[in-house]
Number of protein chains: 2
Amino acid sequence: MIYLDNAATTVHKPPSVAEAVFRAINTMGNSSRGTHESSLEAAGTVFETRCKLSRLFGCPGPEKVAFTANATEALNMAISGLLRPGDHVITTDCEHNSVLRPLYRLEDEGIISLSFVPADREGVLDYDAFYSLIRPETRAIVCTHASNLTGNVTDISVPARAAAEHGLCFILDASQTAGAMPVRMEEQGIDILCFTGHKGLMGPQGTGGICLRRDAALRPLKVGGSGVQSYNRSQPAEMPTHLEAGTLNAHGIAGLSAALDFLEETGIEAVQFREQALMRRFYEGVRDIPGVTVYGDFSRPHAGIVALNIRNYDSGEVSDVLSVEYDIATRPGAHCAPRMHRALGTEGQGAVRFSFSWFNTEREIDTAIEAVEEIAAR
Amino acid sequence: MIYLDNAATTVHKPPSVAEAVFRAINTMGNSSRGTHESSLEAAGTVFETRCKLSRLFGCPGPEKVAFTANATEALNMAISGLLRPGDHVITTDCEHNSVLRPLYRLEDEGIISLSFVPADREGVLDYDAFYSLIRPETRAIVCTHASNLTGNVTDISVPARAAAEHGLCFILDASQTAGAMPVRMEEQGIDILCFTGHKGLMGPQGTGGICLRRDAALRPLKVGGSGVQSYNRSQPAEMPTHLEAGTLNAHGIAGLSAALDFLEETGIEAVQFREQALMRRFYEGVRDIPGVTVYGDFSRPHAGIVALNIRNYDSGEVSDVLSVEYDIATRPGAHCAPRMHRALGTEGQGAVRFSFSWFNTEREIDTAIEAVEEIAAR
């Protein structure tokens, strides 16, 4: 199979990832629960992984990194945990439902009000709106670092500066960029970073996290066992325990740790360079094929994603043909990005998304281009 | 190492568990996201695992089983998702902080009121109180199936009957019993079952779930990507998607699936019989040692747990000696069970908890008994 659905999850992981999880399952105790060898092994791995993530993301310290099950949980934590009645929030048309639905819910419950930075037909944001939409009651800007549909990278210097100048909290959804391009909280002015472990970071599913630059007073999404301060009626106020109730997925975190080692050795810049080259090769191979429409803006920074349609063919059918006849895995449909599809005018047809990873080859890209060519010629 | 901390997490898993996770990490796509082979493989495994859990727990159907990261998340989902302003809830002194803290939080925020079924010095509940505490505004009874400290099993027929007779929702925390003794939702009148995958079920960390007997209208803890109904502003109302936003931990679920196969082949009754025998052997070996105080009630059903203290020795120090000098892993301290310790009168000292699994041997038990004997003789 030629796997080009890396924006959904990376299937090709460094071999050390599965090996680390395998070992962890057979030896690890419960992290921060007890002081015997296997419990300490788990706690040590969890702490080391916090350190690696903190370094990777330019976070003020490992204790500011809390683990979650995925980016969706981190985003719910940030959004539901930060916002208070009367708050106004600015977000964008490029968001995934993991940002939209937590915000819509608070809006529908009459708790917050919401404004959208609009995107044009190429999915490019109207950056001035990050400023013009600010009101006295604006509390936060939440946006994605790259669209999971078009691959357009957000110029986050704009929302970061707007947030800093107006004392807002800047929450970044790095689901599509963590591991695939530099993300630096301090340098880029990101107050809360939400990430997943199983995409660009190449770790196992069931991992992800939230990083805080300052002590944001987040109401925890979940409370419960913490292994410390057990006589306290409340979840401990100290990070990371504040946001980590219950047994951590230390088995998955062991795999994430191995993936982070791979990324550290390889270098994020090298990964980015390779994914960009594969994405460009594909883009240049398909953009002029008669009947093919490619979405997004390729004149500015772009993640390893190319979304397209062939004539007026249903995107699900094209993706099925690619899978069944060519053994190429892509993702059709709505991609949990309803406003983005509306902006692109692809609400009915959806789009076929090709997304690339470090482990893809030029040969795979060329095969995919040929497949698109053949389908377009039918 | 002699691992006797199975109430925290089971370290000895069936070998098939780590093997299944290893395979899954290297082959699985994102469950319910796309229709290519690797995505379908993930979706198939997730669905099969729902079926197995539904069978195991006597749940009305696989779609009523939603996966969570652990039991704490499931309990937060049940408690925060069900209760409304003005509701009254009955719970017990035997609870873990994963039940207590979500309830305390709602109480402290003035949303609910709370009553406790008291436990005596043996940790035995005053069962009449499940009835006498009911008020017109009582909405739910939440309790554990077995204390994670004493191992006392709750006679859940009492709260289940009280709930059924008064139209209340009965929420069961099966963290200490799922996989280790029969749990049957329909037969035992459990409305919402919360379980973890990494203890008695012998699966990986990062797995667990919530099962609904009827269509309880739970407000989801998290909302976001669902892979279906992407243009809907809200999380889909249908189970299990209603409670499952974001990418599932299909890698961990693959391991849980293998663990469930092992349990199905072995038989829950056989597991229970063996753990009971080990627990009894240990209990009978230590109860008469001079200076040893054993907590809990051993005249009624009891999980594979024995908590004790030696003289007035600090439980943490005893556990450390067991670990360092005897290579025996136990769990000292408060066990996230503050009210249980208060009821037992062990708030200051804590207790040393020994907890057993299918994979422990009689020889290990005897070594642990000898160690307790030697420490008590110092």
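Has the stretch A:309-324 got at least one residue that is within 23 Å of the chain's Cα centre (by Cα) and of a type in the set (Phe, Trp, Tyr)?
no
Residues that are farther than 25 Å from residue A:32 by Cα and part of a helix (DSSP H, G or I): does the stretch B:294-305 have at least one?
no
Counting just the residues of the stretch B:34-57 that are of a type in the set (Val, Ile, Thr) and more than 8 Å from chain A (Cβ to nearest Cβ), which one comes out farthest from residue A:10 (Cα to Cα)?
My answer is B:49.
Of the residues B:371, B:334, which is modelled with pLDDT under 95, in the same structural domain as residue B:294 (by TED's automatic domain parsing) and either closer than 20 Å to residue B:285 by Cα or assigned to a loop (DSSP other than H, G, I, E, B) (or both)?
B:334
Looking at B:64, B:13, which one is within 13 Å of chain A (Cβ to nearest Cβ), basic (Lys, Arg) and touching a residue at least 12 places away in the same chain (Cβ under 8 Å)?
Only one candidate passes the filter, namely B:13.
Can you tell which of A:206, A:246, A:224, A:252 is surrounded by 24 or more Cβ atoms within 10 Å (Cβ to Cβ), facing chain B (nearest Cβ under 7 Å), in contact (Cβ under 8 Å) with a residue 60 or more places away in the chain and on the phi > 0 side of the Ramachandran plot?
Result: A:206 is the single residue among A:206, A:246, A:224, A:252 that is surrounded by 24 or more Cβ atoms within 10 Å (Cβ to Cβ), facing chain B (nearest Cβ under 7 Å), in contact (Cβ under 8 Å) with a residue 60 or more places away in the chain and on the phi > 0 side of the Ramachandran plot.
Find all pairs meeting these conditions: Cβ atoms under 6 angstrom apart; at least six residues apart or on different chains; first residue within the stretch B:118-133 and over 13 Å from residue B:154 (Cα atoms); second residue hydrophobic (A, V, I, L, M, F, W, C).
Within 6 Å, the pairs are B:129/B:117; B:131/B:162; B:133/B:90.
Hey, any hits in the stretch A:178-186 for a residue that's touching a residue at least 40 places away in the same chain (Cβ under 8 Å), over 22 Å from residue A:243 (Cα atoms) and not hydrophobic (A, V, I, L, M, F, W, C)?
yes
Run residue B:264 past the list (1) more than 9 Å from chain A (Cβ to nearest Cβ); (2) within 18 Å of the chain's Cα centre (by Cα) and report the number of the one that doesn't hold.
(2)
Has the stretch A:228-250 got at least one residue that is part of a helix (DSSP H, G or I) and over 25 Å from residue A:38 (Cβ atoms)?
yes
Restricting attention to the stretch A:16-60, which residues are at positive phi and modelled with pLDDT of 95 or more?
Passing the criteria: only A:58.
Being at pLDDT 95 or above, surrounded by fewer than 22 Cβ atoms within 10 Å (Cβ to Cβ) and part of a helix (DSSP H, G or I) is true for just one of B:275, B:264. Which residue is that?
B:264
Would you call residue B:67 aromatic (Phe, Trp, Tyr), over 22 Å from residue B:175 (Cβ atoms) and at pLDDT 95 or above?
No: the conditions fail for residue B:67.
Among the residues that make up the stretch A:264-282, is at least one of them over 18 Å from residue A:349 (Cβ atoms) and touching an Asp or Glu at 6+ places or on another chain (Cβ under 6 Å)?
no
Across the stretch A:21-33, which residue is surrounded by the most Cβ atoms within 10 Å (Cβ to Cβ) among those that are within 16 Å of residue B:13 (Cα to Cα) and small (Gly, Ala, Ser)?
A:29
Only helices (runs of 4 or more DSSP H) wholly contained in the stretch A:87-196 count here; list those with 1 or more residues that are buried (at least 24 other Cβ atoms within 10 Å of the Cβ), more than 18 Å from the chain's Cα centre (by Cα) and within 14 Å of another protein chain (Cβ to nearest Cβ).
Correct list: empty, since no element meets the threshold.
Which one is nearest to residue B:100 (Cα to Cα) among residues in the stretch B:322-356 that are among the small types (Gly, Ala, Ser), touching a residue at least 24 places away in the same chain (Cβ under 8 Å) and crowded, with 21+ Cβ neighbours inside 10 Å?
B:337
Could you please let me know if residue A:304 is farther than 21 Å from residue A:54 by Cβ, without any contact (Cβ under 8 Å) to a residue 60 or more places away in the chain and touching an Asp or Glu at 6+ places or on another chain (Cβ under 7 Å)?
It is false that residue A:304 is farther than 21 Å from residue A:54 by Cβ, without any contact (Cβ under 8 Å) to a residue 60 or more places away in the chain and touching an Asp or Glu at 6+ places or on another chain (Cβ under 7 Å).
Using the structure shown, decide if residue A:128 is closer than 18 Å to residue B:225 by Cβ, of a type in the set (D, E, K, R), out of contact with any Gly (no Cβ under 6 Å at 6 or more places or on another chain) and not assigned by TED's automatic domain parsing to the domain that holds residue A:343.
Here the answer is no, as residue A:128 does not meet what is asked.
Is it the case, given these coordinates, that residue A:215 is in contact (Cβ under 8 Å) with a residue 12 or more places away in the chain and either farther than 22 Å from residue A:246 by Cα or crowded, with 24+ Cβ neighbours inside 10 Å (or both)?
In short, no.
Test each condition in (1) at pLDDT 95 or above; (2) outside the structural domain of residue A:361 (by TED's automatic domain parsing); (3) among the charged types (D, E, K, R) for residue A:280 and report the one that comes out false.
With (1) at pLDDT 95 or above; (2) outside the structural domain of residue A:361 (by TED's automatic domain parsing); (3) among the charged types (D, E, K, R) applied to residue A:280, the lone miss is (2).
Which residues, counting only those in the stretch B:71-86, are touching a Pro at 6+ places or on another chain (Cβ under 7 Å) and either under 19 Å from residue B:166 (Cα atoms) or not in a helix (DSSP H, G or I) (or both)?
B:79
Select, from B:297, B:314, the only residue that is acidic (Asp, Glu), crowded, with 16+ Cβ neighbours inside 10 Å and within 14 Å of chain A (Cβ to nearest Cβ).
B:314
Have a look at B:328, B:369, B:365 and point out the one that is in contact with a helix residue (DSSP H, G or I) (Cβ under 6 Å, 6 or more places away or on another chain) and either among the charged types (D, E, K, R) or within 16 Å of residue B:11 (Cα to Cα) (or both).
Criteria check complete, one pass: B:328.
Which ones in the stretch A:362-373 are in contact (Cβ under 8 Å) with a residue 24 or more places away in the chain and surrounded by fewer than 21 Cβ atoms within 10 Å (Cβ to Cβ)?
Matches in the stretch A:362-373: A:362, A:364, A:366, A:367, A:369, A:371, A:373.
The values are calculated or read from the model by the stated rules, or taken from the named source; none is laboratory data. From a predicted model like this one, the values you see are computed outputs, not experimental measurements. We place every Cβ from the backbone using ideal geometry, glycine too, and count neighbours over all the protein chains shown.
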